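Okay, so here's the structure we're looking at.
The values are calculated or read from the model by the stated rules, or taken from the named source; none is laboratory data. Remember, it's a predicted structure, so these values are computed and weren't measured experimentally. Reconstructed Cβ throughout: ideal geometry from the backbone, glycine too, with neighbour counts over all protein chains shown. Each accessible area value is taken on the protein alone, full model and side chains, heavy atoms only, with ligands, DNA and RNA left out. Shrake-Rupley method; radii C 1.70, N 1.55, O 1.52, S 1.80 Å.
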Amino acid sequence: MGARAQARLASFGGVTDFERIFHPRRMALVGVSSEGGAGFANGMLLACRAIGFSGEILAVNPKGGSFAGHTIFRSLDEIPGEIDFAVIAVPAPAVPAALEACRRKGAAGAEVLTAGFTETGTPEGRALEQQIREIAARGIRVVGPNCFGIYCPASGLTLLPGADLSRESGPVAFLSQSGGMSIDLAHLGGWMGLRFSKVVSFGNGADLREAELLHYLADDPETGVIAMYVEGVADGGDFFQAIRAAAARKPVVVLKGGLSEAGGRAVVGHTASMGGSRAIWSGVLRQVNATSVASLEELAQACLAFSHLPARVFRGICAVGGGGALGAAAGDAAEAYGIRLPAFASDLRARLEAILPRPGSSAGNPVDVANPFVPPAVLGQVLRLAAEDDRVDLQVLISLLYHYKSQARAIGAAVADITPFAELAETVAAAAADTGKPVVMVLPDLMRGPENLDLAAMMARAREEFTRRGVPVFGAVGQALRAIGHVNAYYGRRRAR
Amino acid sequence: MPDDRITTVALLLEQAAARGQSTLAEHEAKQVLAAYSLPVTREILVTTRAEVAPAAGAIGYPVAVKASSPEIPHKSEQGLVRLGLADEAAALQAFDAVASALAGRGGGVLVQEMITGRRELAMGLVRDPDFGPCVMFGLGGIFTEILGDAVFRRAPLEQADADDMMAEIRGREMLGAIRGLPAADRDALAGMLIALGQIGLDHEGVAEIDLNPVILAGPRPVVADALIVLRPELPVL
């Protein structure tokens, strides 16, 4: 833990009770308006109910009344007994008093959704945030202000616009300075097959923020991969120590926003002119063996690979697809990340050729299966045979399922009914399990548009069949290999250190 | 002794700040580097014409003659660097030109050994607002700016960090045995990068260090030119 965080903890002699923050049994929602009102706190109450929050919800508003069957307490003090956690969504000037009342009620923490603090750039905003910091130092941990809050599938805490997020837990944690990024990844991850341990949108980060949360997640047994979106850090030294310690234990994937070149700095020498924040951040992230990504999609794909693949380096792969160009694309992408496609020996080639459709197929590596309609059982056999090559550590199967649309049209059937995606998922998962060599699926999705909504629905179901069996799915071969490249870089460098 | 080098450099920086300098002249910068065991050119600072021939004789021909002034951070752009001077006549002629261009500005004239090598690297130190002193390594000479092939690490650097910087630059093959040139002395390069970070950690008053070029004389890196920028807003420690 960094010096600042340690000093702050020591100042009230407490150990932060993250258990009561992420899995509260009694939670106050401060700022719920009576029937007919529609504030953030009302939205949060409905979202918590929709997702099935497992604890007790206690609504608070000085005006009293009731909302959605909850009697609204006129003050926190009226609530009998202690609370574990609170969501505060009252106007900014009222936040310090509400927070102090939560502290007196024994809350371990509170998230402040309200905006109108330091981010406004006004003296009033800064002063209010300073008050939050002072109250926090007396013994309540604060997430926010100006944030979307916490999503924790295990307890059913959810982000402000997160009524429809999954209750299924998984290994991915996400720390985000941006509320929008937090909900975007939660939704993106939902259909991609990412499952979350904890998502924390910490906004202005008046109290809890990147360095301390990294220390917590590094120790958190529910978290196997840490992702983060960061714009600026409160203390570069604390952050450096925290992320280095975390990355020594589990993968840390970082999307840095707001990178600029040296522009604004006074520059005399060449070194400073080259040392803009982009170059420095890039160097620092490599120094601590964090995985640096350039977009939220790349972050999600890296998390998918980290959370679905074993913790190791994949030096050699086999690529299987229908069409020579797909194989060439796989080979080119693999080379860019230092991954080999070893050429198969002649006896293995012969055994592969015996089961591949003729003509048009090629039994080298990449394996060209000639057309997109090869039965799943044959593809399963190809995967099992290719896995016999000791140099193959992982296989990439590219399947152009959208071509089934033309078959469906020809016979007047629904595309979802004739595409054997469930059988393929079953076969692939079994081949991966039996051979001990993971299979990564690539399901390109090139036919879109209003006339292809049936395909979109089928592709979504296909993806789900694979991901629920633990087979990661990517939309393009380049994305898959980039994600595998991140896994290789992380474990390769961790071992080297 | 590490303590000695901190004291030596602190004194140099203090004196420069007291004179109102915003940068160190090349010769002063080299003294800072030498205190931290970075390999620098052999050189003698002269102020009069009469000193030139004995200095060049002691260094050995060919020599370089350069302005060494805190007021001229980028001297090659102003024609104040004369290289490959083969004899006394050439050295004296170069001195006359540099000294007259320097007239009225502080500093002196450096008579310096010529480092010959076909590979030029760059190293440096910058203070990042988030991460404090960060060390730079990249290709040197005119390639520094044209190719932008430079990487950074936060100080303090470990050996593995320095090794990784050499593996990360796009021009990393330059450090290997290529075209009849020997492989660069990586341990020496790593030592220099680690030492640069240490200077940044030990001396708050150093805002920036620019070593360009660092020439590979065979396998051996030598700092041929150096600029140290001081931090005006802080008292020098």
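Each stretch of four or more DSSP H residues adds -39500 (n - 2.57); spread over every residue of chain B, this sum gives -10500 deg cm²/dmol at 222 nm. In order along the stretch B:173-184, phi translates into HN-Hα couplings of 4, 4, 8, x, 7, 10, 6, x, 8, x, 5, 5 Hz, rounded to whole numbers, per the Karplus curve 6.51 cos²θ - 1.76 cosθ + 1.60 with θ = phi - 60° and x for Gly and Pro. For the stretch A:313-482, the alpha carbon convex hull comes to 106 Å³ per residue, rounded to a whole number.
Computed from the alpha carbon positions, the gyration tensor of the stretch B:42-114 leads to an equivalent ellipsoid with semi-axes of 18, 12, 11 Å, biggest first.
With contributions of -39500 (n - 2.57) from each DSSP H run of at least four residues, the per-residue ellipticity at 222 nm computed over chain A stands at -13000 deg cm²/dmol. Here the accessible area of the protein assembly as shown is 54 percent carbon and sulfur, with a 1.4 angstrom probe and all protein chains present.
Computed with a 1.4 Å probe over protein heavy atoms only, the accessible surface of the protein assembly as shown comes to 39 Å² per residue.
Normalised by residue count, chain B yields a Cα convex hull volume of 128 Å³ per residue. Computed from Cα atoms alone, the Kirkwood hydrodynamic radius reported for the stretch A:109-173 is 13.3 Å. When the alpha carbon coordinates of the stretch A:3-305 are projected onto the principal axes, the ranges are 65, 44, 36 Å, largest first. Using only side-chain charges placed at the Cβ, +1 for Lys and Arg and -1 for Asp and Glu, the dipole size of the protein assembly as shown relative to its Cα centre rounds to 940 debye.
Can you tell me the orientation of helix A:277-287 relative to chain A, as the angle in degrees between its alpha-carbon axis and the longest Cα principal axis, to the nearest 10? Its long axis makes an angle of about 70 degrees. When the GluC sites (Glu not before Pro) in the stretch A:330-414 are filtered for DSSP coil states and for at most 16 other beta-carbon atoms within 10 Å of their beta-carbon, the remaining sites are A:E388.
Relative contact order, whole percent, for chain B stands at 23, derived from Cα pairs under 8 Å and 6 or more residues apart. Chain B packed on chain A takes about 2400 Å² of accessible surface away from a 1.4 Å probe, both sides summed. Against the empirical 2.2 N^0.38 Å (N residues), the protein assembly as shown has a Cα radius of gyration ratio of 1.18. The GluC sites (Glu not before Pro) of the stretch A:64-114 meeting both criteria, a DSSP state outside H, G, I, E and B (loop) and at most 16 other C-beta atoms within 10 angstrom of the site's C-beta, are A:E82. Among the trypsin sites (Lys or Arg not before Pro) in the stretch B:161-227, those placed in a DSSP loop whose Cβ has at most 16 other Cβ atoms within 10 Å are B:R170, B:R179. Distance between the C-alpha centres of the stretch A:186-223 and the stretch A:29-81: 25 Å, rounded to the whole angstrom. Quick one: angle between helix A:123-137 and the longest Cα principal axis of chain A, in degrees between 0 and 90, rounded to 10, please. So the inclination is approximately 90 degrees.
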